[in-house]
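Read through the structure below, which is laid out as structure tokens, and then see the notes.
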Amino acid sequence: MTGTGPAVRLQAIEVVEVALPLVRPFRTSFGEERTKDALLVRVDAGDVAGWGECVASPEPRYSEEWIDGARSIQRDHLAPALLAGGPIADPGEVGRRLSFVRGHRMSKASLEAAVLDAWLRASGRSLATHLGGVRERIECGVSVGIAPTAESMLEEIRGYLAKGYRRIKLKIEPGRDVEVVRLIRDGLGPDVPLSVDANAAYSLEDADVFEALDAFGLTMIEQPLDHDDLVDHAELQRRLRTPICLDESIRSARDAAAAIALGACRVINIKPGRVGGLLEARRIHDVARRRGVPVWIGGMLETGVGRAANLALAAMPGVTMPGDTSASDRYFAEDLTEPFVLAPDGTMAVPPGPGIGVEPIPARLEACTVGTIRIDA
Ligand code: NPQ
Ligand code: MG
């Protein structure tokens with residue numbers, strides 16, 4: 001929000017595809033992942049470089065974006081347009097240069113993140129400071145994938161609670177919802193902050209499922225209904241005491257304002273990739289804050305590059321709930337960057353260094369890279 005820096009003169013953009021094994025499979029209502037595949041964007045600005053992470057996944061299940069499409073649009077449309085426009089004096093310029101392409105928010109977000117990182121490094125300022133961050137440590141929650149039995153989920157959750165995580169989020173799907181949550185709530189007791197995330201797997205005809213979940217003292221129910229349906233979410237919210245949190249449905253600050261006006265949610269999960277960038281993420285934060293709606297920062301199993309940017313967002317004043325900003329070891333035996341570590345009190349440090357404050361460790365990056373493309377100015 002504050003300060004300026006020297007213009008970024010982009011010489012080249014590299015898109016590096018990486019694959020990292022996950023410590024355990026991650027299953028949601030839309031599918032299962034065993035490795036984390038991602039595109040990392042590196043912008044080369046001569047004296048400085050910057051890194052951003054694209055959270056598109058191998059298949060277009062969580063959103064309509066996917067890795068092969070992201071690589072293609074970055075190479076053929078977005079990177080050339082970004083490189084063609086001359087020096088970038090203000091990172092807001094990235095979104096303007098790329099606005100001629102409709103959608104493709106995850107691809108755009110990673111380019112903007114990389115330019116922001118380079119631009120902030122050039123003036124020695126941190127992303128958290130630039131975004132108006134007000135805290136040095138953030139409270140962390142953890143997202144728990146669907147497992148074959150509630151008992152195995154409980155065992156996994158007890159491990160996370162022992163490490164200090166401050167909120168547990170359970171993935172649910174039709175057929176693995178009310179009874180699983182009942183067993184887990186009974187096992188944990190009433191005081192553990194617990195939420196569920198359906199990843200859009202239900203319709204309003206399943207309202208009885210959510211009315212049953214309403215009895216378990218959940219902190220929120222995340223994205224119960226379709227990704228593009230605000231009206232039905234508003235109808236469901238009227239029937240529930242538990243706050244609805246929207247994830248997939250919120251792609252912009254405009255969506256956030258509409259959802260709040262309709263009463264479609266009482267909480268918002270902010271992910272920079274889903275909304276087209278860190279700057280749009282901040283605008284959603286601002287819209288929600290003005291209307292008194294709490295927000296938290298989500299996660300897409302990011303490597304350290306994307307995780308660092310998420311932590312910077314979580315330092316903003318309106319982020320008042322623990323997010324899915326878990327430690328590196330929740331997902332990876334070895335991260336691409338120095339690992340992000342949870343303190344016993346369930347908090348994690350916001351990187352204080354210039355830009356996102358971390359970068360890939362060269363040998364680690366090389367070991368995880370499956371392909372690189374380069375687009376020159
Ligand atoms: C969510 N994340 O809040 C997402 C869903 C999600 C931490 O629960 C690859 C790409 C794997 C995207 C796994 C968490 C993913 C992914 C989960 C998105 O809905
Ligand atoms: Mg979600």
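Some values worked out for this structure:
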{"read-out": "Count - residues of the range 356-369 that are open to solvent by less than 60 Å² (accessible area, probe 1.4 Å), more than 16 Å from ligand 1 (Cβ to nearest atom) and not in a loop (DSSP other than H, G, I, E, B)", "value": "3"}
{"read-out": "Complete set of residues in the range 143-179 that are open to solvent by less than 30 Å² (accessible area, probe 1.4 Å), more than 16 Å from ligand 2 (Cβ to nearest atom) and of a type in the set (A, V, I, L, M)", "value": "147, 150, 153, 154, 157, 178"}
{"read-out": "Sole exception among (1) within 24 Å of residue 319 (Cα to Cα); (2) open to solvent by less than 10 Å² (accessible area, probe 1.4 Å) for residue 139, by number", "value": "(2)"}
{"read-out": "Only listed residue being over 25 Å from residue 295 (Cα atoms), polar (S, T, N, Q) and open to solvent by less than 70 Å² (accessible area, probe 1.4 Å), chosen from 337, 325, 372", "value": "337"}
{"read-out": "Test for residue 353: is it in a loop (DSSP other than H, G, I, E, B) and over 29 Å from residue 33 (Cα atoms)", "value": "yes"}
{"read-out": "Helices (runs of 4 or more DSSP H) wholly inside the range 126-203 containing at least 1 residues that are touching a residue at least 40 places away in the same chain (Cβ under 8 Å)", "value": "127-130, 150-163"}
{"read-out": "Near pairs, Cβ below 9 angstrom, 6+ apart or cross-chain, from the range 209-221 (more than 12 Å from residue 196 (Cα to Cα)) to any residue that is open to solvent by 30 Å² or more (accessible area, probe 1.4 Å) and assigned to a helix (DSSP H, G or I)", "value": "211/239; 212/182; 215/182"}
{"read-out": "The range 53-92, residues that are within 24 Å of residue 125 (Cβ to Cβ), away from ligand 1 (no atom under 16 Å from the Cβ) and under 24 Å from the mean Cα position of the chain (by Cα)", "value": "82, 90, 91, 92"}
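Yes/no matrix, rows are residues, columns are (1) closer than 17 Å to residue 265 by Cβ; (2) surrounded by fewer than 16 Cβ atoms within 10 Å (Cβ to Cβ); (3) away from ligand 1 (no atom under 16 Å from the Cβ):
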site	(1), (2), (3)
195	yes, no, no
210	yes, no, yes
213	yes, no, yes
216	no, no, yes
222	yes, no, no
225	yes, no, no
230	yes, no, yes
234	yes, no, yes
241	yes, yes, yes
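The values are calculated or read from the model by the stated rules, or taken from the named source; none is laboratory data. If you're wondering where the values come from, they're calculated on a predicted model, not measured in any experiment. Using ideal geometry, Cβ is built from the backbone for each residue, glycine included, and neighbour counts are taken over all protein chains shown. Note: accessible area is taken over every heavy atom of the protein model, side chains too, but ligands, DNA and RNA are not part of it. Shrake-Rupley method; radii C 1.70, N 1.55, O 1.52, S 1.80 Å.
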